[in-house]
Amino acid sequence: MTMVERTIWRVGHGRTLDLSERGAIMAIVNVTPDSFSDGGLHDSVEGAVAYALACVEEGASILDIGGESTRPGAAELTAEEEMARVLPVISALSQKTDALISIDTYRAVTARAAVAAGAHIINDVHGLQREPEIAAVAAETGSGLCIMHTGRGRTKLPDPIADQRDFLGLSLDIAQRAGVVRETITLDPGFGFAKETLEENMELMIRFEELHAVGLPLLVGTSRKRFLGTLTGREAPDRDVATAATTVALRLKGASVFRVHNVAINRDALMIADAMLETARRIAAAKGSTE
């Protein structure tokens, strides 16, 4: 069981998120017709905003707005199409909630426009390596920055943790050269993104604590992923219980932010894990005071 150190995530518009003693939930709000699990459910501005606000009521601290599906084989948008989908949603939410808003994009132009519309965090599933200019946007705006590991489009190292360190090390070099402040960064190991086998995803979970060597908060997105379907035999919409199980397991291994589709069930799971961690801290403190 991992003890939690004092961690404050600095994000945009002068905001912070305390990740020291409680895990945070990032709700997935896909404004897309073709996402693997919920495509088309929230593809109007009104529908997406209403859904996002419901996620806040259920316990989400962050709303992650995405306009382009990241499933394998999904159609690629133009930047103009992406912005037309996400910017009205971000603008409306910035007027209706104090929850943090994240833009799920790898495009620098979309990221800049989203921050101007009210987004606090840039979430790049290509780890700054598709459009490195996005790092400069994060640096110039002071936004929070989530850097995700992916194995897509490249040859991976055979050891999954070594590959994480190699890929994310390059991403962090890009961020540093652009002037990104370290306290604004979280890392995402990218469960399911070219982790081709059940075994690879399971090994990443088992060895998750090794990722703390980088010294940055860790965000995870296991929600409804295919490897959970391989384990349970369930289709994507029915994988929320399996997702919640990974939320508990990874929280106990030190993950800080959980990107999920079903906020309520993962909030409850996270409350159990956080209570276990809090009890472990109290026991350790009491033991230390008597020695």
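The values are calculated or read from the model by the stated rules, or taken from the named source; none is laboratory data. Every value quoted in this text rests on a predicted model; they were computed, and no experiment measured them. Using ideal geometry, Cβ is built from the backbone for each residue, glycine included, and neighbour counts are taken over all protein chains shown. Heavy atoms of the whole protein, side chains included, go into the accessibility calculation; ligands, DNA and RNA do not. Shrake-Rupley method; radii C 1.70, N 1.55, O 1.52, S 1.80 Å.
Per-residue extension of 0.36 nm, minus the Cα-Cα distance of GLU80 and MET202, leaves a gain of 40.1 nm for this segment. Dipole size of region 224-278 about its Cα centre, with +1 on Lys/Arg Cβ and -1 on Asp/Glu Cβ: approximately 280 debye, rounded to the nearest 20. Highest GNM mean-square fluctuation among THR97, THR16, THR105, for the chain modelled with Cα contacts below 10 Å: THR97. Once the chain from ARG6 to ASP268 is taken as fully extended at 0.36 nm per residue, the excess over their C-alpha distance is 92.0 nm.
Dipole magnitude for the chain: about 520 debye, using +1 per Lys or Arg Cβ and -1 per Asp or Glu Cβ, origin at the Cα centre. Close amide-amide hydrogen proximity is noted between PHE191 and GLY221, each under 5 Å apart and 5 or more residues distant or on a separate chain (H modeled in the peptide plane; Pro and chain starts excluded). Surface composition of the chain: carbon plus sulfur atoms contribute 53% of the solvent-accessible area (1.4 Å probe, protein chains only, all chains present).
Taken over the chain, lysine pairs spaced eight or more positions apart, or on distinct chains, with alpha carbons under 26 Å apart number 7.
Across the options LEU19, HIS126, ALA74, the greatest Cα extent toward the positive end of the charge dipole of region 14-161 (unit charges at beta carbon of Lys, Arg, Asp, Glu) belongs to HIS126. In this simple spin-label model, placing a label point 7 Å from the Cα along the Cα-to-Cβ direction at both ARG71 and GLU235 gives a separation of 1.1 nm.
Label positions at ARG281 and SER94, each projected 7 Å from the Cα along the C-beta direction, are separated by 3.3 nm. The mean sequence distance of close C-alpha pairs (under 8 Å, at least 6 residues apart), as a share of the length of the chain, puts its relative contact order at 20 percent.
In sequence order, region 205-210 has phi-based couplings of 5, 4, 9, 3, 4, 5 Hz under the Karplus curve 6.51 cos²θ - 1.76 cosθ + 1.60, θ = phi - 60°, and Gly or Pro positions carry x. Per residue, region 89-237 exposes 40 Å² of accessible surface when a 1.4 Å probe is rolled over the protein heavy atoms with every protein chain present. Applying the Karplus relation 6.51 cos²θ - 1.76 cosθ + 1.60 with θ = phi - 60° to region 108-115 yields 3J(HN,Hα) values of 5, 5, 5, 4, 4, 5, 5, 5 Hz, where x marks Gly and Pro. Per the Debye formula on identical point scatterers at the alpha carbon atoms of region 137-291, with no solvent, log10 I(q)/I(0) at q = 0.09, 0.14, 0.18, 0.19 Å⁻¹ is -0.34, -0.78, -1.13, -1.21. Using the alpha-carbon atoms, what tilt in degrees (0 to 90, nearest 10) does helix 79-96 show relative to the longest principal axis of the chain? It works out to around 60 degrees.
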